[in-house]
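Trainee: What follows is a single structure, and I will ask about it in a moment.
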Amino acid sequence: MIYLIVSAISLALMVTVYRLTLSRTTFHGFNRFVLLATLALAAVVPVMHFQSISSRASAPINYMLSEIMVYADGTSGVNTMQTTESGSSISILSVITVVYLAGVIFCLLRIAIGILSSEIICHRRSRMLADGSRLVITERNYAPFSWRNCIVISRKDYESNGAMIIAHEQAHVHLHHSFDLILAQLFCAVQWFNPAAWILRRSLLEVHEFEADAQVLEDGFDGRRYQICLVRAALQGSFATTTNNFSNCSTKKRIVMMNRHSTNPWARLRALLMLPVVALSVIVA
């Protein structure tokens, strides 16, 4: 339980720093690395132990607690407190544990269903593209999406804007964005109670779309036509939560980011503001 609390607080602080300093920059690849590093640090920081620091920091506190809990006749109040409160504390802890595990199981089931659904549709009749990815054309009106090395697109989208949509989804495939999503969703399952975990997942989805959009424009497609395609895709339904969906991110954010001037490279140093947060988390852990 202590691990989860420290991890949740560390993640919340680091995600806040990211949102305030880097989320509006054009360093899409760098921001992706920062978000994945944030996830890893939130998982590792609570188990870091520095004996010398912890012993010096805890000694005064332990002494104060021992003085408070020892009565004038030399007896301790610890046993009395444990006797009177053990029943209620154990029952509350049991309820919290059951609720937490139920949330984890529910989230894991959702992830499993999403993966299974994606695999089923990706194993339908498909054709191999030049880059090694597989293309599935469906009659359903899904927003285009990619899962691992598979691209799924509706026949309507394929006939109208197929080239640019496939280029967008190929960027997701080449950058292995599906792996990021699985990591982020597993982390959300473990910390389903923590809003910061879901904000991190959302931020990662945004960065994925920004990276893929930038790749489409670098490939020479018309920016205005591509933005109109994004607006149309926003009106379509998504397929599964485990996929990189063409309409995952806010259309307005994506259009604004595509029209934004490149951020000064020195702005990457803002990521150093996370170091004090990590140091504080280590000391608390």
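The values are calculated or read from the model by the stated rules, or taken from the named source; none is laboratory data. Please read all numbers here as calculations on a predicted model, not as lab measurements. Cβ sites come from the backbone with ideal geometry, for glycine too, and all protein chains shown count toward neighbours. Side chains included, ligands, DNA and RNA excluded: accessible areas come from the protein's heavy atoms. Shrake-Rupley method; radii C 1.70, N 1.55, O 1.52, S 1.80 Å.
Trainee: Report the label-to-label distance for Ala279 and Thr16 in nanometres (one decimal), using points 7 Å from each Cα along the Cα→Cβ vector.
Mentor: Roughly 1.8 nm, to one decimal.
Trainee: Once all Cα-Cα distances of the range 80-238 are split into 10 Å bins that start at 0, what whole-number percent is in each one?
Mentor: 9, 30, 29, 15, 7, 5, 3, 1
Trainee: Using only the Cα atoms of the range 166-285, construct the convex hull and provide its projected area averaged over every direction, in square nanometres to one decimal.
Mentor: Mean projected area of the Cα convex hull: 9.3 nm².
Trainee: Something else: Arrange the residues Thr251, Thr243 by how much accessible surface each exposes, largest first, with a 1.4 angstrom probe.
Mentor: Thr251, Thr243
Trainee: Can you give the Kirkwood hydrodynamic radius of the range 143-225 from its Cα pairs, in Å with one decimal?
Mentor: 13.8
Trainee: Another question about this same structure. Can you tell me which of 105-111, 194-200 comes out highest on packing, and rank the rest after it, using the mean Cβ neighbours within 10 Å?
Mentor: Averaged packing, sorted descending, gives the order 194-200, 105-111.
Trainee: Moving on to the next point. Leaving ligands, DNA and RNA out of it, work out the accessible area of Trp192 with a 1.4 Å probe and give it in Å² to the nearest 10.
Mentor: Accessible area of Trp192: about 80 Å².
Trainee: Follow-up. Express the accessible area of the range 86-137 per residue in Å², computed with a 1.4 Å probe while the remaining protein chains stay in the model.
Mentor: For the range 86-137, the per-residue accessible area is 66 Å².
Trainee: Another question about this same structure. Given a Förster distance of 35 angstrom, what is the FRET efficiency for Val256 paired with Met1, based on the Cβ-Cβ distance and rounded to 0.05?
Mentor: 0.25
Trainee: Average the reciprocal distances over every distinct pair of alpha-carbons in the range 93-157, invert the result, and give the Kirkwood radius in Å.
Mentor: 13.9
Trainee: Counting only protein chains, not ligands or nucleic acids, how are Ile5, Ile151 ordered by accessible area (probe 1.4 Å), most first?
Mentor: Ile5, Ile151
Trainee: Determine the order of Met128, Met48 by accessible area, beginning with the largest, at a probe radius of 1.4 Å.
Mentor: From most accessible down to least: Met128, Met48.
Trainee: Just to verify a number: what accessible area does Leu181 come out at with the full protein assembly present, 1.4 Å probe, Å² rounded to tens?
Mentor: Counting only protein heavy atoms, the figure is 0 Å².
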